[in-house]
Amino acid sequence: MQLKQAEAVANLSAPIDGIDEDRDLFQVAVEQFAIAADVLGLDDDMREILSHCQRELIVNFPVEMDDGSVDVFTGYRVQHNSGPGPTKGGIRYHQSVTLSEVKALAMWMTWKCAVVGLPYGGAKGGVQVNPKLLSQAELQNLTRRYTTEIQPFIGPNQDIPAPDVNTNPQIMAWLMDTYSMNIGYSVPGVTTGKPIVLGGSEGRSEATGRGCVFTIENTARVLGLDLAKARTVVQGFGNAGSVAARLMAELGSPVVAVSDSRGGVYNPDGLDLTGVNAHKLRTGTVVGFSEAESITNEEVLVLPTEVLIPAALENQITADNAGMIQAQVIAEAANGPTTPEADHILYDRGIFVIPDILANAGGVTVSYFEWVQALQAFPWTEHEVNERLRQIMNRSFEAVYGTSTNYAVHMRTAALVRAIDRVAEFTRLRGIYP
Ligand code: NAD
C-alpha cells in the first residue's frame, strides 16, 4: 500500500541529506546580502526592498494516488525580484522543502542571473514530497496539479521554471503540457530543461557541471594550479556532480572520491568513473563500487584533495568541518553548501571558494539559451551552446575576480557585490510604481 506522504515526512526522525532544519536558510541569504550591501554602501530603502521576496505563493493541493486514496501536498513558488525581467528558477521535490529554503533559493537566483548578466530576476519552487515514494502516475498527477495551482504565476514572459533536485526533463514536459493544455496552445517557453524533442536545448543537461568546470579552469589559471595533477573530490554524484566529475577527469584530474546520499567511495589513485557510473546505474548508488574504499559523507568533505566540488544540498560545509577541509579550491556546484560561519573559516585559511551564484550559473545560462531558442523557434547546435556558455562563464569569472581583488573581499562577497549593484540599478531606474 502507498505510504502516505504526511506519514513519510513525520517518520523521518532526522533531516535526511544533511539539511539542518534548525537553520533558517533565508536568514543565511539575507546575512550574505547584508555583507555585500555594506561593501556597496547601499542605502536603507534599497536594502529593505532587496532583502524581501516580491511574491510568495503557498499551495495545498490534492493528488489522487494509485490506490484511489487522496493525499494533500504543500508546494511553493516564490519570486524574489522581477526588476531585471521575467523571473527564473527551478522546482525542487523534496520531503524537507520549506518556504524559507525556497525564498533563499529564489533570492540566490536573482543574484545568480545578475552575476552572469541574464535578463531575469530570481524565483524558485518546491513541493514537500519524497518522490521516491511515488509511482510514475502519481508523480505525473502531482506535477500537473502543482502546475495548475501555480499557473497564474508562471509563463514565458512572467516566471519560467526549470528542473532542480529530484525534478527532471520528463517532469518539465508534464509541466509544459499542463500549462499549454490549460491555455489552449503549446507554450514551449514556459519552462526550460525540457526533453530535446520538445524544444529542450542541446547541452542543458550538462550545463551546470560544465559551467562549474569552466570556473575551476579560470581559478586554476589565477592560482597557478595544474589541474592535470590536482585531485578532485565530488560530494553528490547527481546531475551537476557527475558531469563535473567527468569533465574534471577529462582535464586530467584524478577524481579520488565521489558520494551520494548513502555514502561515498574513495580511491587515492583516482576512480574509474565509467565503472562508478555503471555501478550506480545498476544499484542506484555509488556505494559498494568494488575498486574503492567506502567512506562516510562526513569523511568525503575532509579528504586530501586540491579541488572539492560540493554538488549535493545546502549547509554541508559548516563551522564544524570547515577547519578540517584540505582542498585549495572549493567550487560550489550546489546552492548554499557553505554556511556564513564556515565562509569566514575558509577565507581565513586561504581556501579559494568559487561561490554558488557563479560556480553553478551554467545551468541557468543554458536555460536562458533554451528560452531564447523557444522564443525564436530556432535551435542551436551543442557546439554553439557550449561555446556561448564558455564565453559567459569566463567573462563572469573575470569580472567577479576583478571585484574581489579591487575591494579585497572574498569571491562570494565579490559576486554578490556585482549582482546586487546591478539589481539595485534596475530598481532605481524603474522607480516605485505607483
Ligand atoms: P540531483 O538530484 O541530480 O543530485 C543530487 C545528488 O546529491 C544525488 O546523487 C544525491 O544522492 C546526492 N546527495 C544528497 N544528499 C547528499 C549528502 N548528504 N551527501 C552526499 N550526497 C548527497 O541534483 P542536481 O540537479 O545535481 O543538484 C545538486 C545541487 O546543485 C543542488 O544544490 C542544486 O540546487 C544545485 N544546482 C543544480 C543545477 C542543475 O541544473 N541541475 C543548477 C544549479 C544548481
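The values are calculated or read from the model by the stated rules, or taken from the named source; none is laboratory data. Note that the coordinates shown come from a computational prediction; the quantities given were computed from them, not determined experimentally. Backbone-built Cβ (ideal geometry, glycine too); neighbour counts: all protein chains shown. For the accessible areas, the whole protein counts, side chains as well, though only heavy atoms, and no ligand, DNA or RNA atoms are used. Shrake-Rupley method; radii C 1.70, N 1.55, O 1.52, S 1.80 Å.
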> Taking the Cα centre of the chain as the origin, how large is its charge dipole in debye, to the nearest 20, when only Lys and Arg (+1) and Asp and Glu (-1) carry charge on their Cβ atoms?
Replying inline: 1040 debye
>> As I understand it, the dipole of the chain uses +1 on the Cβ of Lys and Arg and -1 on the Cβ of Asp and Glu, about the Cα centre. Which of G200, S51, V258 lies farthest toward its positive end?
In response: G200
> Under a plain spin-label model, where a point goes 7 Å from the Cα along Cα-to-Cβ, how far apart in nm are T405 and S69?
Replying inline: 6.2 nm
> Any idea which of L303, Q376, G75 is furthest toward the positive side of the dipole for the chain, if Lys and Arg beta-carbons carry +1 and Asp and Glu beta-carbons -1?
Replying inline: Q376
>> Quick check: at a probe of 1.4 Å, how many percent of the accessible area of the chain sits on carbon and sulfur atoms?
In response: 51 percent
>> As a test, work out the antiparallel percent of DSSP beta bridges whose residues both lie in the range 142-275, rounded to the nearest 5.
In response: 55 percent
> For the chain, what is the accessible area per residue in Å² when the probe is 1.4 Å?
Replying inline: 40 Å²
> Just the Cα atoms of the chain, one point each, no solvent: what log10 I(q)/I(0) does Debye give at q = 0.10 Å⁻¹?
Replying inline: -0.66
>> Amide H of D260 versus every other amide H placed in the peptide plane: which residues, excluding those fewer than 5 positions away on the same chain, fall under 5 Å?
In response: G236, F237, V286
> Along the charge dipole of the range 2-193, Cβ charges K/R +1 and D/E -1, which of F26, P86, A36 sits furthest on the positive end?
Replying inline: P86
> Under the definition of Cα pairs under 8 Å and six or more residues apart, what whole-number percent is the relative contact order of the chain?
Replying inline: 16 percent
> What share of the DSSP beta bridges in the chain is antiparallel, in percent to the nearest 5?
Replying inline: 50 percent
> Based on the Cβ-Cβ distance from R430 to Q170, what FRET efficiency comes out when R0 is 51 Å, to the nearest 0.05?
Replying inline: 0.85
>> Using the basic label-point model (7 angstrom from Cα toward the beta carbon), what is the A319 to S180 distance in nanometres?
In response: 5.1 nm
> Okay, helix-only estimate at 222 nm for the chain: each DSSP H run of n ≥ 4 adds -39500 (n - 2.57), divide by all residues, round to 500 deg cm²/dmol; what do you get?
Replying inline: -14500 deg cm²/dmol
> If you stretched the chain out fully between V222 and E387, how much longer would it get, using 0.36 nm times the residue separation minus the C-alpha to C-alpha distance?
Replying inline: 57.3 nm
>> Residues of the range 68-91 with the amide nitrogen closer than 18 Å to a label point 7 Å from the Cα of Q151, along Cα-to-Cβ, please.
In response: 75-77
>> With +1 assigned to the C-beta of every Lys and Arg and -1 to the C-beta of every Asp and Glu, and no other charges, what is the dipole magnitude of the range 2-193 about the Cα centre in debye, to the nearest 20?
In response: 560 debye
> Among bridges DSSP assigns within the range 207-359, what percent are antiparallel (round to 5)?
Replying inline: 35 percent
